[in-house]
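Asker: Got a structure for you, questions after.
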Protein chains: 2
Amino acid sequence: MAAAKDKTLNDLFLDTLKDIYYAEKQILKALPKMAKAASSDKLRAAFEKHEGETEGQIERLEQVFELLDKPARGKTCDAIMGILDEGKEIMSEYKGTEALDAGLLAAAQAVEHYEISRYGTLKQWATQLGMKDAAKLLDQTLQQEKNTDVSLTKLAETAVNLAAAA
Amino acid sequence: MAAAKDKTLNDLFLDTLKDIYYAEKQILKALPKMAKAASSDKLRAAFEKHEGETEGQIERLEQVFELLDKPARGKTCDAIMGILDEGKEIMSEYKGTEALDAGLLAAAQAVEHYEISRYGTLKQWATQLGMKDAAKLLDQTLQQEKNTDVSLTKLAETAVNLAAAA
């Protein structure tokens, strides 16, 4: 590892890549639990779909590690642990209530926004560092995450929460 | 507190309001440290500006508590603790390096995205629950957070990170 004062944007890029790689693996573990907890079929289907997408996103990150000629390795990401812990809390505190799905959706949207922020940053750094192929891979995931957020927002605006508010 | 099975969207709204109230107070504590750490004058100014905005956002949350006739009280938010911890890690690991500002900006954008997700959710629930005045206050903050994210993205795309990539 570079000595503290010599650290560059390349080091920061790699550190952040490890952070999101760890985060994606935690999200992949959490999604089936969230799908199982969901009352609404549509919400369950959305979580299941995103589980498949997350597998693809992990593969893309592994391709970026390869482009850097570095082993794909995660680094504990406190942020995602905190965000997912809040989701677990919702699942336990609102189990069996009419508000559970609304809470699950909100938790999933917090996860999406964390990912959008991280992939946006990584894509931009890759561009600045002249890593075109990496930037392209990161952008693919970024667009996918943004689409997922839009789908979750639509779900939240329609059936799922309206049931809770009725 | 309502018994588990009786919990409604109103309870979830109040719980989430307490969560973001706690988060905003933590952010208010973190911003002067981030401003002090920043190398770029523009980034420091952006953090200082957002400190003032955060004070206003806390006041708006207190108005929402008042509308609900509930005491303004925070509830430990694991998500923001994790996100801010990552920012602290950057400040210590990248202190004195050319990549510090890029890392601080990325940390601030992760914070903004968490807030955007929470205020988006709260505004929507307020609307569904027929709380028009609360929805309006929450929307004011939501728009402010979105503007802050746009400003930070512009900063990231220009001077701050380019220096690090040079």
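Read the figures in this text as sums done on the coordinates, not as results from a lab. All values reported here derive from a predicted model rather than from experimental measurement. Cβ coordinates were reconstructed from backbone atoms using ideal geometry, including for glycine residues, and neighbour counts include every protein chain displayed.
Asker: Taking amide H positions as placed 1.01 Å from N in the peptide plane, with prolines and chain starts having none, which residues 5 or more places from residue A:39, or on another chain, fall under 5 Å of its amide H?
Answerer: For residue A:39, whose amide H was placed from the backbone, the distant partners under 5 Å are A:101.
Asker: Would you list the P(r) distribution for chain B, with all Cα-Cα distances sorted into 5 Å bins from 0 and each bin expressed as a whole %?
Answerer: Histogram of Cα-Cα distances, whole percents per bin: 1, 9, 18, 20, 17, 12, 9, 6, 4, 2, 1, 0.
Asker: Turning to a different aspect of this structure: From the backbone phi of segment B:140-154, what are the Karplus-calculated ³J(HN,Hα) couplings (6.51 cos²θ - 1.76 cosθ + 1.60, θ = phi - 60°) in whole Hz, Gly and Pro given as x?
Answerer: Each residue of segment B:140-154 in turn: 4, 5, 4, 5, 5, 5, 5, 4, 4, 4, 4, 4, 5, 4, 4 Hz.
Asker: Wrap a convex hull around the Cα atoms of the protein assembly as shown, take a quarter of its surface area, and give that in square nanometres.
Answerer: Numbers: hull surface 60.8 nm².
Averaged projected area of the protein assembly as shown's Cα convex hull equals 15.2 nm².
Asker: Could you give each residue of segment B:87-97 its phi-based ³J(HN,Hα) in whole Hz, using Karplus coefficients 6.51, -1.76, 1.60 with θ = phi - 60°, and x for Gly or Pro?
Answerer: x, 4, 4, 4, 4, 7, 6, 10, 3, x, 9
Asker: Let me have the 222 nm mean residue ellipticity of the protein assembly as shown computed from DSSP H runs of 4+ only, each contributing -39500 (n - 2.57), with the sum over all residues rounded to the nearest 500.
Answerer: Calculated at 222 nm, the ellipticity per residue is -28500 deg cm²/dmol.
Asker: Straight distance only, please: which lysines reach the Cα of residue B:132 with their own Cα at less than 16 Å, same-chain residues fewer than 8 apart left out?
Answerer: Straight-line reach from residue B:132, under 16 Å: B:123.
Asker: Right, next: Name the residue from B:68, B:13, B:47 whose Cα lies farthest towards the positive end of the charge dipole of chain B, charges +1 on Cβ of Lys and Arg and -1 on Cβ of Asp and Glu.
Answerer: Sorting the options by dipole projection puts first B:68.
Asker: Another one. Counting only C-alpha contacts under 8 Å and six or more residues apart, can you give the relative contact order of segment A:1-156 as a whole percent? Let's see the in-between values first.
Answerer: Values: 153 pairs, mean separation 42.7, N = 156.
Once normalised by length, the contact order is 27 percent.
Asker: Mean projection of the alpha-carbon convex hull of segment A:89-137 over all orientations, in nm²?
Answerer: On the way: hull surface 16.0 nm².
Its Cα hull, projected and averaged over all orientations, spans 4.0 nm².
Asker: May I ask you to evaluate 6.51 cos²θ - 1.76 cosθ + 1.60, the Karplus curve with θ = phi - 60°, for each residue of segment A:50-67 and list the ³J(HN,Hα) values in order in whole Hz, giving x for glycine and proline?
Answerer: The phi angles translate into 5, 4, x, 5, 5, 4, x, 5, 5, 4, 4, 4, 5, 5, 5, 4, 4, 4 Hz.
Asker: Average partner chain C-beta neighbours within 10 Å, per residue of B:69-80?
Answerer: Values: counts 0, 0, 0, 0, 0, 0, 1, 1, 4, 11, 14, 4.
Mean partner shielding for this stretch: 3.
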